[in-house]
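Beneath this line is the structure, given in structure tokens, with notes to follow.
The values are calculated or read from the model by the stated rules, or taken from the named source; none is laboratory data. Just so you know, these numbers come straight off a predicted model, no measurement behind them. Every residue, glycine as well, gets a Cβ built from its backbone with ideal geometry; the counts of neighbours run over all protein chains shown. For accessibility, only protein heavy atoms count, side chains too; no ligands or nucleic acids. Shrake-Rupley method; radii C 1.70, N 1.55, O 1.52, S 1.80 Å.
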Amino acid sequence: MLLLAVAAAAGARADDLRAGIDGLGKGNFAQVAKGVQQLARSGDLRLVPVFEALGDGALYARKSDGTVFIASEKGSGLALTDALTGAAAGDAPKAGFERIRVNNNLRRAVRTAIGALSLMSPDRAARLQAAKAVFAAPADDSLELVETALASETDAEIRSALEDAKAAALLKSDRSIAEKQGAIERIAARGDRDAMSILSSFRAGADGDLRLGIDRAIDDLQARQAWWDMGQNVWYGVSLGSVLLLAAIGLAITFGVMGIINMAHGEMVMIGAYTTYVVQDVIRASFPQWFDWSLALALPAAFLVAGFAGFLLERGVIRFLYGRPLETLLATWGVSLILQQAIRSIFGPSNREVGNPTWMSGGFDFGGLTLTYNRLWIVVFSLAVFVTLLVLLKHSRFGLQMRAVTQNRRMASSMGIRTPWVDALTFALGSGIAGMAGVALSQIDNVSPNLGQSYIIDSFMVVVFGGVGNLWGTLVGAFSLGIVNKLLEPYAGAVLGKILVLVLIILFIQRRPRGLFALKGRAVEA
């Protein structure tokens, strides 16, 4: 008898659900949205495919009896699926069915309903995503489902997300003022922009003590968010500083050792970026399974290609112009134009696509900050290049010779150091590092013939501000300029912010012509 009673109850429930589903094919948009909300209250997960089909425009009502099916086009007809059981229901001509139309409000109701039903899903990720979706689009209809999900949920992270969703749904309900005040405190405790958006949307319909409580919560959120915004700008500055460090560190070496103003340095960055594009293009065509390793292969390739280009430039042009800074500047500027046009002729003038490996895609939230993996890895990479170069200069024979030439070229030459080859290899090293900077920049900027021009001026400012030829000065200068730029941008704008930074550097150089960290040596100090 008990089994019969359970079976009868299940059958009645299925009949109610089927009647509710068939009701979606009748009435206007508002009536269909109301029907979706009523069905969602059942908490039956079998409704999720129905709601998804409705949102996708794949729900049809049979004209003869109003029965609703999930359908997909098959030739000139429709392949039908039972909306409740998911069983195939055969094929039928389109003429006998009418598509259930949706508008934006109905789609919103469907998304809310799917989110509410997914709260009971056995999949942890689906439950967490559903709780976040209910919080983002709260509705009083989802409150009971959220409370039901809370009663059975054991995962701490999901429970926290459900508590937030419950608080947001409470504000849309007709619950008591005391409960709503608690909900306001709960949402305000999140301290993020989503909390501010929820409270701001509810504020218009609130009055009395509730409105005052919301105003206080919003004021507190705005003050807290201002600090997080400043922290976000500092992070953007660190990210920009790491890019400037990569672009300027090679320039600091060549400028410090050789005294060369290399206007083609930006094109070495561009060559590195295009080398990355070529490497990825080959991997996509021949070895797609290795794509996540493409940057690891592109780094040495970019270093060698850009370094070889720099070596040829020094041997073919610059070595004939030592001691003539104006001619060197003009010659390297002409070379930069030739390289840009060569890239346009080979690859075309339009931007080229360079993909992100999976380990550099996406990001994560840290408090009120949003950190992306590609910029985080670029910061780590720039610091690794800096440390590697520092070790090379301090603990290798080539580094010793390079430092000797930097401090006193004639004395180094008299001690048997072949200064012309030190110059050539130093220029190649600086160009190779610029090529590796191009690999990093290809992940966050457009790969185009003008890529290097965006960073050449800032790179010179970093070198001059930090101290010519001093790596520590380059490090401090790059991050200082990056952070100051990003802190000024919200108030002065990007262009005016750069102008202000330039003015500050000019004033600083008036007081300290050799920059933050001046090199020491007889020739340098002469």
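If you add up the charges near residue 28, with Lys and Arg at +1 and Asp and Glu at -1, over every other residue whose beta carbon is less than 13 angstrom from its beta carbon, what do you get?
In short, +3.
At residue 26 and residue 296, where each label point lies 7 Å from the Cα along Cα→Cβ, what is the point-to-point distance in nanometres?
Computed distance between label sites residue 26 and residue 296 equals 6.4 nm.
Can you list residues from other chains, or at least 5 along the same chain, whose modelled amide H is less than 5 Å from the amide H of residue 89?
Here the answer is 80, 81, 82, since their amide H atoms fall under 5 Å of that of residue 89.
Separation of segment 149-211 and segment 352-398 by C-alpha centroid, Å?
Spelled out, the Cα-based centre of one part sits 39 Å from the other.
Using alpha carbons only, how many angstrom separate the centre of segment 277-317 from the centre of segment 400-449?
That distance is 19 Å.
For the pair residue 176/residue 15, report the inter-label distance in nm, with labels modelled 7 Å from Cα in the Cβ direction.
4.0
Along segment 393-410, what does the Karplus equation 6.51 cos²θ - 1.76 cosθ + 1.60 (θ = phi - 60°) give for ³J(HN,Hα), rounded to whole Hz, x for Gly and Pro?
Karplus-based 3J(HN,Hα) across segment 393-410 equals 6, 8, 10, 9, 4, 5, x, 5, 5, 5, 5, 5, 5, 4, 7, 7, 4, 5 Hz.
Checking the a/c ratio against 1.5 first, then a/b against b/c, what shape does the Cα gyration tensor give for segment 293-403?
Numbers: a/c = 2.35, a/b = 1.40, b/c = 1.68.
It comes out oblate by the Cα gyration axes.
Could you list the residues of segment 255-289 with an amide nitrogen less than 16 Å from a label point located 7 Å from the Cα of residue 413 in the Cα-to-C-beta direction?
Once the point is set 7 Å along Cα→Cβ of residue 413, 257-260 turn out to lie under 16 Å by backbone N, inside segment 255-289.
Quick one: 3J(HN,Hα) in Hz for segment 129-138, Karplus 6.51/-1.76/1.60 with θ = phi - 60°, rounded, Gly and Pro as x.
4, 5, 4, 5, 5, 5, 5, 5, 10, x
Restricting to DSSP H runs of at least four residues, report the calculated mean residue ellipticity at 222 nm for the chain, -39500 (n - 2.57) per run over all residues, nearest 500 deg cm²/dmol. Write out the running numbers ahead of the final one.
On the way: 21 runs with 361 residues, N = 526.
My calculation for the chain gives -23000 deg cm²/dmol from helical runs alone.
Taking R0 as 30 Å, what's the FRET efficiency between residue 154 and residue 359 from their Cβ-Cβ distance, rounded to 0.05?
Working: r = 32 Å, r/R0 = 1.07.
Calculated transfer efficiency: 0.40.
Take peptides 298-310, 261-273 and line them up by average Cβ neighbours within 10 Å, highest first, as a rough protection proxy. Walk me through the intermediate numbers first.
On the way: 298-310: 22.3, 261-273: 28.4.
Put in order of decreasing packing, that is 261-273, 298-310.
Treating the angle as unsigned and between 0 and 90°, give the value, to the nearest 10°, between the Cα long axis of helix 471-492 and the longest Cα principal axis of the chain.
Taking Cα atoms only, the helix is inclined about 50 degrees.
Could you put 433, 444 in order of accessible surface area, largest first, with the 1.4 Å probe and the full protein assembly present? Walk me through the numbers on the way to the answer.
Numbers: 433 5, 444 45 Å².
Final ranking, largest accessible area leading: 444, 433.
Which FRET efficiency value, to the nearest 0.05, do you get for residue 41 and residue 503 by plugging their Cβ-Cβ distance into 1/(1 + (r/R0)^6) with R0 = 45 Å? Don't skip to the answer; put the middle values down first.
Details: r = 64 Å, r/R0 = 1.42.
That pair, residue 41 with residue 503, gives E of 0.10.
Express in whole angstrom the spacing between the alpha-carbon centres of segment 63-128 and segment 231-250.
Each part reduced to its Cα centre gives a spacing of 50 Å.
Match the structure shown to one of the listed values (i) 23.2, 72; (ii) 32.4, 109; (iii) 23.6, 84 of Rg and Dmax of the Cα atoms in Å, computed from it, and give that label.
The value computed from this structure is option (ii).
In square angstrom, rounded to the nearest 10, how much accessible surface does residue 476 have for a 1.4 Å probe?
Number for this one is 60 Å².
Tell me the accessible surface of residue 411 in square angstrom (1.4 angstrom probe, heavy atoms of protein chains only), to the nearest ten.
Approximately 90 Å² for this residue.
What figure in square angstrom, to the nearest 10, would you give for the accessible area of residue 140 with a 1.4 Å probe?
80
Considering only protein heavy atoms and a 1.4 Å probe, what is the carbon-and-sulfur percentage of the accessible area of segment 175-330?
On the way: 4540 of 7130 Å².
For segment 175-330, the apolar C and S fraction of the accessible surface comes to 64 percent.
Simple spin-label model, 7 Å along Cα-to-Cβ: residue 207 to residue 492 in nm?
With each label placed 7 Å out from Cα toward Cβ, I get 4.9 nm.
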